[in-house]
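A.B. asks: Just passing along the structure, written as structure tokens.
The values are calculated or read from the model by the stated rules, or taken from the named source; none is laboratory data. All values reported here derive from a predicted model rather than from experimental measurement. No Cβ is skipped: glycine too gets one built from the backbone with ideal geometry, and neighbour counts run over all protein chains shown. Remember, those area values only see protein heavy atoms, side chains included, never the ligands or the DNA or RNA. Shrake-Rupley method; radii C 1.70, N 1.55, O 1.52, S 1.80 Å.
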Amino acid sequence: MELNADLHIHSKFAMATSPDLSPETILAGCTTKGLDVVATGDALHPVWRKMWEPFLENDAGVVVIPQTEVEDERRVHHVILMETLEQFDELQKRLTPYCSHLETAGRPHVYASGETLAAAVHELGGYIGPAHAFTPWTSLFAAFEKPSDCYLSEKFDFCELGLSADSSYGAGIAEFAGVPFLTNSDAHSQYPTKLGREFNRISVQKKTARGVLDAVMSGNITLNAGFFPEEGKYNRTACTRCYVQFSYEEAEANKWKCPDCKGRIKLGVRERAFAMSSIPETKRPPYLKMIPLGDVIARVLGVSSPNTKKAKALYAAFIERFGNEITVLLEAPEAEMAEVSQGVASAVVSMREGRVLLFPGGGGKYGGFAFP
């Protein structure tokens, strides 16, 4: 069977997250979104683990995967997945010598190397890989030229692409050959514009945490779905002050200093990824570039936010008709969507077919989009 999975989120104990985050609100968000599998987020936090215990089996039928994100001594972020909360209880004990705030921070800064972290995770039967690997801050490629420079003698089990990259960005990097790519939301709230904004479709033998993890590690991912990379705020090489974009050659010629405002020029994710590519692109599952339904509706209605009364009413009408957001974005027939809103139906079909006008981001400024 195929399941939609978001394998990286956060709790209310992490920085800049919604105070309304709870297992109950996350599971309700999964139902609205159409997620069959969700990560706990922040599973090194003892209170958050305790909060999840009654919901590992839940009325929503959602498979819960214990998960956390940590920052290592080089400020590289890692996603960790395990089968049980008890494994995270033990991992917390093992990491305590490297971190003084494991009991208070949702996403802790652990003063250990990527190799040390990976060894501890693997000894407990868990899995680890770089989080949002291509972003220019707090990521694998912000600190290292290749994954093995970070993990050394330990393997990494997957690579999370992040919101600013799609599969093509990593498919030509030699050390990623045979490594599963994950597309996760890194959500800081339970709202449908955040939760599941990127997800994986996974073919599993058993609808259990073990079944999901086995499927991921076996590469049984049938679809990656996520943002158009151009929407990312560091997709293109640009000035971090005035956001003027440059080619790599222009940035080099200007010694990475903006000739207009004298701000710092930041290397874009796109240029960085393709510069590291050294082999023919490896075969990957289809990558569906999508925009959250709330954002589509807001754009079609010409309102400022998906949270306006008008946008929320139309969103609710689509969910009532089709059951969940992912069904609308991927599968609902255009004619049936048009019975709810012709404008949204046309926009969703344009998105499915890649007919979207994109205005790439860079230097810290998000990109934009428009429908033809």
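A.B. asks: Please specify each residue of the range 195-219 satisfying the condition of being in contact with a Ser or Thr (Cβ under 6 Å, 6 or more places away or on another chain) and surrounded by fewer than 18 Cβ atoms within 10 Å (Cβ to Cβ).
C.D. replies: SER203 - this is the single residue of the range 195-219 that is in contact with a Ser or Thr (Cβ under 6 Å, 6 or more places away or on another chain) and surrounded by fewer than 18 Cβ atoms within 10 Å (Cβ to Cβ).
A.B. asks: So, restricting to strands (runs of 3 or more DSSP E) that lie completely within the range 26-139, which ones have at least 2 residues that are open to solvent by less than 10 Å² (accessible area, probe 1.4 Å) and closer than 30 Å to GLY363 by Cα?
C.D. replies: Details: elements: 37-39, 63-65, 67-71, 77-81, 127-130.
Result: 67-71, 77-81, 127-130.
A.B. asks: May I pose another question? For the range 227-253, what are the residues that are outside any loop (DSSP other than H, G, I, E, B) and of a type in the set (Ser, Thr, Tyr)? Working first, answer last.
C.D. replies: Looking only at the range 227-253, we keep the residues that are outside any loop (DSSP other than H, G, I, E, B), and these are 229-231, 236, 238-239, 245, 248-253.
Listed by number, the list holds a single entry, TYR248.
A.B. asks: Would you check if there is a residue in the range 45-63 being modelled with pLDDT of 95 or more, under 16 Å from the mean Cα position of the chain (by Cα) and not aromatic (Phe, Trp, Tyr)? Explain how you work it out, then say what you get.
C.D. replies: Just the residues of the range 45-63 that are modelled with pLDDT of 95 or more, to begin with: 45-63.
Those still in the list that are under 16 Å from the mean Cα position of the chain (by Cα) too: none.
Among the residues of the range 45-63, not one is modelled with pLDDT of 95 or more, under 16 Å from the mean Cα position of the chain (by Cα) and not aromatic (Phe, Trp, Tyr), which makes the answer no.
A.B. asks: I'd like the full set of residues that are open to solvent by 50 Å² or more (accessible area, probe 1.4 Å), more than 21 Å from LEU330 (Cα to Cα) and more than 19 Å from the chain's Cα centre (by Cα), limited to the range 348-368.
C.D. replies: Correct list: PHE359 only.
A.B. asks: Filtering the range 4-22 down to residues that are surrounded by fewer than 24 Cβ atoms within 10 Å (Cβ to Cβ) and out of contact with any Ser or Thr (no Cβ under 8 Å at 6 or more places or on another chain), which residue is nearest to GLY196 (Cα to Cα)? Before the answer, list the steps.
C.D. replies: So the first thing to find is which residues in the range 4-22 are surrounded by fewer than 24 Cβ atoms within 10 Å (Cβ to Cβ), and the list is 4, 12-20, 22.
Checking which are out of contact with any Ser or Thr (no Cβ under 8 Å at 6 or more places or on another chain) leaves us with 4, 14-16, 19, 22.
Values: ASN4: 9, ALA14: 18, MET15: 19, ALA16: 18, PRO19: 19, SER22: 16 Å.
Taking the candidates together, the pick is ASN4.
A.B. asks: Here is a follow-up. Of all residues in the range 72-109, how many are closer than 25 Å to LEU56 by Cβ and not aromatic (Phe, Trp, Tyr)? Don't jump to the end; show me each part of the working.
C.D. replies: Initial filter on the range 72-109 (closer than 25 Å to LEU56 by Cβ): 78-96, 102-108.
Pick out the ones that are also not aromatic (Phe, Trp, Tyr) and you get 78-87, 89-96, 102-108.
Residues in the range 72-109 being closer than 25 Å to LEU56 by Cβ and not aromatic (Phe, Trp, Tyr): 25 in total.
A.B. asks: If you check GLN67, GLN92, which single one turns out to be free of Cβ contacts under 8 Å to residues at least 60 places away in the same chain and either hydroxyl-bearing (Ser, Thr, Tyr) or on the phi < 0 side of the Ramachandran plot (or both)?
C.D. replies: GLN92
A.B. asks: Turning to a different aspect of this structure: Could you tell me how many of the residues in the range 254-267 are surrounded by fewer than 20 Cβ atoms within 10 Å (Cβ to Cβ) and not in a strand (DSSP E or B)? Break it down into steps so the answer makes sense when it comes.
C.D. replies: So in the range 254-267, the residues surrounded by fewer than 20 Cβ atoms within 10 Å (Cβ to Cβ) come out as 254-257, 259-264.
Filter once more, keeping what is not in a strand (DSSP E or B): 254-256, 259-263.
Qualifying residue count, the range 254-267: 8.
A.B. asks: Please work out which one of (1) touching a residue at least 12 places away in the same chain (Cβ under 8 Å); (2) farther than 11 Å from ARG299 by Cβ; (3) among the small types (Gly, Ala, Ser); (4) in a helix (DSSP H, G or I) is the condition GLY354 fails and give its number.
C.D. replies: (4)
A.B. asks: A follow-up question, please. Could you tell me whether SER189 is open to solvent by less than 30 Å² (accessible area, probe 1.4 Å) and either at pLDDT 95 or above or assigned to a loop (DSSP other than H, G, I, E, B) (or both)? Outline the logic, then answer.
C.D. replies: Values: open to solvent by less than 30 Å² (accessible area, probe 1.4 Å): yes; either at pLDDT 95 or above or assigned to a loop (DSSP other than H, G, I, E, B) (or both): yes.
Against the criterion (open to solvent by less than 30 Å² (accessible area, probe 1.4 Å) and either at pLDDT 95 or above or assigned to a loop (DSSP other than H, G, I, E, B) (or both)), SER189 qualifies.
A.B. asks: Could you please find all residues in the range 339-371 being aliphatic (A, V, I, L, M) and more than 25 Å from ASN4 (Cα to Cα)?
C.D. replies: Step one: filter the range 339-371 for residues aliphatic (A, V, I, L, M), giving 340, 344-345, 347-349, 351, 356-358, 370.
Correct list: LEU357, LEU358, ALA370.
A.B. asks: A further question on this structure: Suppose we filter the range 268-304 for residues that are closer than 29 Å to LEU223 by Cα, open to solvent by 30 Å² or more (accessible area, probe 1.4 Å) and part of a loop (DSSP other than H, G, I, E, B); how many remain?
C.D. replies: 10
A.B. asks: Pairs under 7 Å by beta carbon, first residue open to solvent by 30 Å² or more (accessible area, probe 1.4 Å) in the range 153-176, partner acidic (Asp, Glu), six or more apart or different chains?
C.D. replies: As it stands, the answer is SER153/GLU115; GLU154/GLU115; LEU163/GLU198; SER168/GLU281, since those pairs meet every condition given.
A.B. asks: For CYS242, indicate whether it is open to solvent by 10 Å² or more (accessible area, probe 1.4 Å) and within 23 Å of LEU163 (Cα to Cα). Let's see the steps before the verdict.
C.D. replies: Details: open to solvent by 10 Å² or more (accessible area, probe 1.4 Å): yes; within 23 Å of LEU163 (Cα to Cα): yes.
Yes; evaluated as a whole, the condition is true for this residue.
A.B. asks: Does GLU175 satisfy being in a helix (DSSP H, G or I), farther than 14 Å from GLU71 by Cβ and in contact with a Phe, Trp or Tyr (Cβ under 8 Å, 6 or more places away or on another chain)?
C.D. replies: Working: in a helix (DSSP H, G or I): yes; farther than 14 Å from GLU71 by Cβ: yes; in contact with a Phe, Trp or Tyr (Cβ under 8 Å, 6 or more places away or on another chain): no.
No; evaluated as a whole, the condition is false for this residue.
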